[in-house]
1. Kindly indicate whether LYS28 is modelled with pLDDT under 90, more than 18 Å from the chain's Cα centre (by Cα) and under 21 Å from ARG10 (Cα atoms).
2. Going by the conditions given, is ARG44 of a type in the set (Lys, Arg), within 30 Å of PRO2 (Cβ to Cβ) and modelled with pLDDT under 80?
3. With the condition kept exactly as written, say whether any residue in segment 75-87 is under 30 Å from GLN121 (Cβ atoms), hydrophobic (A, V, I, L, M, F, W, C), free of Cβ contacts under 8 Å to residues at least 60 places away in the same chain and open to solvent by 50 Å² or more (accessible area, probe 1.4 Å).
4. Check ILE5, ILE66, ILE50 and return the single one that is touching a helix residue (DSSP H, G or I) at 6+ places or on another chain (Cβ under 8 Å), open to solvent by less than 50 Å² (accessible area, probe 1.4 Å) and either acidic (Asp, Glu) or within 30 Å of ASN106 (Cα to Cα) (or both).
5. Exactly one condition in (1) closer than 27 Å to ASN125 by Cβ; (2) exposed (fewer than 12 other Cβ atoms within 10 Å of the Cβ); (3) more than 14 Å from the chain's Cα centre (by Cα) is not met by LYS72; state its number.
6. Between residues in segment 6-31 that are within 18 Å of SER48 (Cβ to Cβ) and residues that are surrounded by 12 or more Cβ atoms within 10 Å (Cβ to Cβ) and polar (S, T, N, Q), which pairs lie under 6 Å by C-beta distance while being six or more apart or on different chains?
7. Take SER17 and decide whether it is of a type in the set (Ser, Thr, Tyr), open to solvent by less than 60 Å² (accessible area, probe 1.4 Å) and modelled with pLDDT of 90 or more.
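The values are calculated or read from the model by the stated rules, or taken from the named source; none is laboratory data. On a predicted model such as this, the values are computed, not experimentally measured, just so you know. Please note: Cβ atoms are built from the backbone with ideal geometry, for glycine as well, and neighbour counts cover all protein chains shown. Accessible surface areas use protein heavy atoms only, side chains included; no ligands, DNA or RNA. Shrake-Rupley method; radii C 1.70, N 1.55, O 1.52, S 1.80 Å.
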Amino acid sequence: LPEPIKDMLRNNEIKPSVGRELLRLKDKSKLEDAGKKVVGKTVREAQSLITFANAYDNYYDDREMILKVYKKALLVLKTALTELNILIEMSESDSKTREDLFNIRNSLNALIDQLYKLIKQRKRNKQL
């Protein structure tokens, strides 16, 4: 491990188990940057970060990858919205349940709108 990461371990900024996770990073040139990102994280959070970074070599600066993640999140939310609409149709007799489901649907719609805005922003920033 690079000296700055060893320092983080000595200063208890990073747990030893999190430090071991950093060793799984394929691109060793990104260790210091990854070390900064896992400060205060649990070992599971570090595992997720390292797994993700290994799957996407350009994790730290790949705008295309971020756009793909947003689009996948959008697909998941739209699927959830479709399923929720089915539940709303099925819950016609219980008005309280129906009201709760409508509130959740409104929240999902707001998240979908927010993601569309982020995607639009990312595409605009990419053109600059």
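1. Working: modelled with pLDDT under 90: yes; more than 18 Å from the chain's Cα centre (by Cα): yes; under 21 Å from ARG10 (Cα atoms): yes.
Judged against the criteria, LYS28 is a match.
2. On the way: of a type in the set (Lys, Arg): yes; within 30 Å of PRO2 (Cβ to Cβ): yes; modelled with pLDDT under 80: no.
No, not satisfied.
3. Taking segment 75-87 and keeping what is under 30 Å from GLN121 (Cβ atoms), we get 75-85.
Restricting the remaining residues to those that are hydrophobic (A, V, I, L, M, F, W, C) gives 75-77, 80-81, 84.
From the residues that got through so far, the ones that are free of Cβ contacts under 8 Å to residues at least 60 places away in the same chain too are 75-77, 80-81, 84.
Now narrow it down to the ones that are open to solvent by 50 Å² or more (accessible area, probe 1.4 Å): 75-76.
Yes, the conditions are met somewhere in segment 75-87.
4. Only one candidate qualifies: ILE66.
5. Failed condition: (3).
6. Matching pairs, first to second residue: GLU21/GLN47; LYS26/ASN54.
7. The answer is yes for SER17.
Yes/no per residue for (1) among the polar types (S, T, N, Q); (2) farther than 30 Å from LEU1 by Cα:
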| site | (1), (2) |
| --- | --- |
| LYS28 | no, no |
| ILE50 | no, no |
| LEU67 | no, yes |
| LEU84 | no, yes |
| ASN103 | yes, yes |
